[in-house]
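Reading through the structure tokens given below for one structure.
The values are calculated or read from the model by the stated rules, or taken from the named source; none is laboratory data. Only a predicted model underlies this, so the values are computations on that prediction, with no experimental measurement involved. Counting neighbours? That spans all protein chains shown, and the Cβs are built from the backbone with ideal geometry, glycine included. All accessible areas refer to the heavy atoms of the entire protein, side chains included, with ligands and DNA or RNA removed. Shrake-Rupley method; radii C 1.70, N 1.55, O 1.52, S 1.80 Å.
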Amino acid sequence: VSTQSTGVHLYCVFRTDRSARIRRERMIFNFYIFSRNGTCLYYEEWNIPKEGRTPKAIQEEQKLMFGLLYSLRGFITKTSPKPCETFTYYKTSRYKLHYLETPTGLKFVLNTDKDAPTMTDELKKLHQEYYVEYALKNPLYKLGEPLGACEGFNSRVINFLTSHPEFKRRVVH
Amino acid sequence: MAANKQKEGERVFKEQEKINAELFTLTYGAIVSQLIKDYEDIEEVNTQLEKMGYNIGLRLIDEFLARSNVGRCHEFPETAETIAKVGFKMFLGVVGSVLPNSWNAERTEFSLILEENPLVDFCELPDNYSSLNYCNIICGVIRGALEMVQMRVECRITKSVLRGDDVTEFKITLKERLTDDIPMGDD
């Protein structure tokens, strides 16, 4: 670390214990909104390498995602020891998938790095403050149509997610 | 259960943005008058009001779910109380009541009464319009909203203050619970 405010160079030495130094990257990878019947109403991705991501590949992935969510939710509700409605997230060694489903069948999906905190509040906000206010209340938006064309919604969601603290930052312990 | 719903209704109503009630009432009256002028046939006006309400209901349900803390209703009587105490309070500022004696044996039909109805303030129906269901838009809203949460219902007005009754009464019948259809893939 060096500062040049008074022309004096200050060097600090960090002693790091190897085992305690963990470098993590906080990232949001993508965000999906699915309608009840499986149409992907909205999709955005960030921080993912671009090779091989043709529009067709992305579309296939969306279909796969919906199929997974549908089956997973059914599986979880059937095998749960106590009655439950749905799941909030699942986590693998590489990523964490956060899920919100409204009683109207809308599915909000957010993929982040595996160490992110729960994003349920963010998903609720995306539903309440963005989808309801800028898509539903937009008379030019037809229900069930892709939301990409809904400019007010699109720009605000991108802004919200890209300026979120979990979006992309390096955390060094 | 009704007491909880009432409290939830009050809470949501407090947080809602509000508009001038007279403006709302008069605007609605203007819409109905214009519909009558355009269609001239009262039955057609009733149908159009219901259709308009249906389209509103499809969207209104998401806002309702986002703002209120009600989760999925497990039984139809719970749905009835939610509509009466939370739904009407949130959007019209009035609380309805479900008539306990109006339930049928299978618990699929009930009557909901509104003692106060902001839509009909200042309104008088001339004799030649007696078949007009002035509040039919509400029937459509209920039908549209419930369809988005997997219930197909029929809603009609059975009592109207404009026709001399002292309350507005809606009869709501659950026709079918809709199930999710799995979309088949193209591959």
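Here are a few things to note about the model shown:
- Accessible area of chain B belonging to carbon and sulfur atoms, whole % at 1.4 Å probe: 49
- Per chain B, cysteines lacking a partner by the 4.7 Å Cβ criterion: B:Cys73, B:Cys123, B:Cys135
- Working ranking of peptides B:16-22, B:83-89, B:129-135 by packing, defined as the average number of other Cβ atoms within 10 Å per residue, highest first, is B:83-89, B:129-135, B:16-22.
- The range B:84-127: C-alpha gyration tensor shape, a/c 1.5 cut-off, then a/b vs b/c: oblate
- Global form of the range A:67-135, assessed from the alpha-carbon gyration tensor, a/c cut-off 1.5: oblate
- Residue pairs, from the table B:Lys14/B:Lys89; B:Lys18/B:Lys159; A:Lys50/A:Lys168; B:Lys7/B:Lys89; A:Lys82/B:Lys175; A:Lys96/A:Lys168, whose Cα atoms sit over 19 Å apart: B:Lys18/B:Lys159; A:Lys82/B:Lys175
- This model, with +1 at the C-beta of Lys and Arg and -1 at the C-beta of Asp and Glu, gives the protein assembly as shown a dipole about its Cα centre of some 2500 debye.
- Delta accessible area of at least 40 Å² on complex formation, residues of the range B:102-150, 1.4 Å probe, chain isolated as reference: B:Met148
- Residues in the range A:28-43 occluded by at least 50 Å² - accessible area, probe radius 1.4 Å, against chain by itself: A:Arg36
- Percentage relative contact order, chain B, counting C-alpha pairs under 8 Å, at least six apart: 25
- Residue-averaged 222 nm ellipticity for the protein assembly as shown, from DSSP H runs of 4+ at -39500 (n - 2.57), nearest 500: -11500 deg cm²/dmol
- Shape of the range A:59-173 from the C-alpha gyration tensor: oblate (a/c of 1.5 or more and a/b not above b/c, with a ≥ b ≥ c the square roots of its eigenvalues).
- For the pair B and A, total buried accessible area rounded to nearest 100 Å², probe 1.4 Å: 1900
- With a Förster radius of 30 Å applied to the C-beta separation of A:Tyr95 and A:Asn159, the computed FRET efficiency comes to 0.85.
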